[in-house]
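Reviewing the structure listed below.
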Amino acid sequence: MEEMIPCSVKDQETFRRVWQRVMAGRDEAQCPIETMQGDLSCQRLEELIRQHGGLMPDAPVQEETPQPEGWQSPQEPPQDDTPAPEPPAQESPAQPDSLPEPNGPGCSGDLPPLWEQPSPAGDRTARLRHQVMEALEGWQFYRHLARRARGSDARVLNNLAGELHRQARKLSAAYFLLTGLRYWPSELLTTPAIASYWGALRLRHQAEQRQETAFRIAADDWDDPALLELHTELIDGCQRRCRQLRTLLEQDLA
């Protein structure tokens with residue numbers, strides 16, 4: 001049993017094992033214990049330990065566990081020396097193309113810049129459509145205003161509504177002759193807001209004056225004799241309706 005082993009013998013065996021591990025490759029005969037016969041005293045063993053740098057550990061040395069034959073220590077997986085792929089370069093966001101300068105290289109002398117207002121020649125058809133719509137709106141306004149009037153005032157307003165309806169038809173026919181397309185947006189008409197009778201007469205008088213000015217500007221742009229004659233007729237109609245509206249106000253205010 002372990003407690004029956006003399007202390008000196010146990011320490012000698014431990015010393016011998018430590019010596020073999022530390023002094024690997026040397027002859028075992030050089031071990032100080034091997035050169036001495038018999039058991040060593042504890043004092044002598046401590047002297048040998050101090051002479052050889054304290055080979056005795058404070059705790060018992062744990063021997064290596066013998067491995068079975070054919071066993072190989074696990075090897076670490078080989079390191080891949082292939083460099084990691086670099087992240088793709090971030091592309092700067094594309095900047096929107098700026099408009100060319102009016103006199104820059106991107107501006108052609110044959111075409112006007114994109115931000116320039118369309119020429120009068122290219123705006124004639126749109127202007128005709130606008131005139132048709134204004135005539136229909138005036139027709140709708142006079143019709144509803146006549147329902148709020150009585151006697152001769154109602155008859156005058158109904159006549160004015162008929163004039164604007166005929167005016168819209170003439171303008172629509174001119175548009176068709178120019179473009180080959182029919183334009184009659186009567187489905188877009190809405191019920192006009194009429195707050196007061198006298199206020200409505202005043203609003204309509206101002207609208208007739210604005211249309212007269214627009215017809216004069218358009219007449220200067222047309223080279224077609226038929227369109228010039230039409231716009232001259234429309235200017236006269238605006239002036240006549242303005243006189244009739246003023247007459248209605250004079251009669252009612254008296």
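Under 15 Å from the Cβ of F141, count the other residues' Cβ atoms, weight Lys and Arg +1, Asp and Glu -1, and hand me the total.
With Lys, Arg at +1 and Asp, Glu at -1, the net is +2.
Suppose the chain between K170 and R150 were pulled fully straight at 0.36 nm per residue; how much longer would it get relative to their current alpha carbon spacing?
4.2 nm
The range 175-205: which trypsin sites (Lys or Arg not before Pro) are DSSP loop and have at most 10 other beta-carbon atoms within 10 angstrom?
In loop regions of the range 175-205 (DSSP not H, G, I, E or B), the sparsely surrounded trypsin sites (Lys or Arg not before Pro) are R182.
Rounded to two decimals, what is the ratio between the C-alpha radius of gyration of the range 185-254 and 2.2 N^0.38 Å?
Normalised Cα radius of gyration, the range 185-254: 1.36.
Please arrange F215, F141 by accessible surface area, largest first, computed with a 1.4 Å probe and ligands excluded.
F141, F215
Work out, step by step, the length gained on full extension between L177 and L253: first 0.36 nm times the residue separation, then minus their alpha carbon distance; give nm to one decimal.
22.9 nm
I need the fraction of alpha carbon pairs in the range 131-254 separated by more than 22 Å, rounded to a whole percent.
Tail of P(r) above 22 Å: 36 percent of Cα pairs.
The values are calculated or read from the model by the stated rules, or taken from the named source; none is laboratory data. What you see is a predicted model; the values in this text were computed from it and never measured. Backbone-built Cβ (ideal geometry, glycine too); neighbour counts: all protein chains shown. Heavy atoms of the whole protein, side chains included, go into the accessibility calculation; ligands, DNA and RNA do not. Shrake-Rupley method; radii C 1.70, N 1.55, O 1.52, S 1.80 Å.
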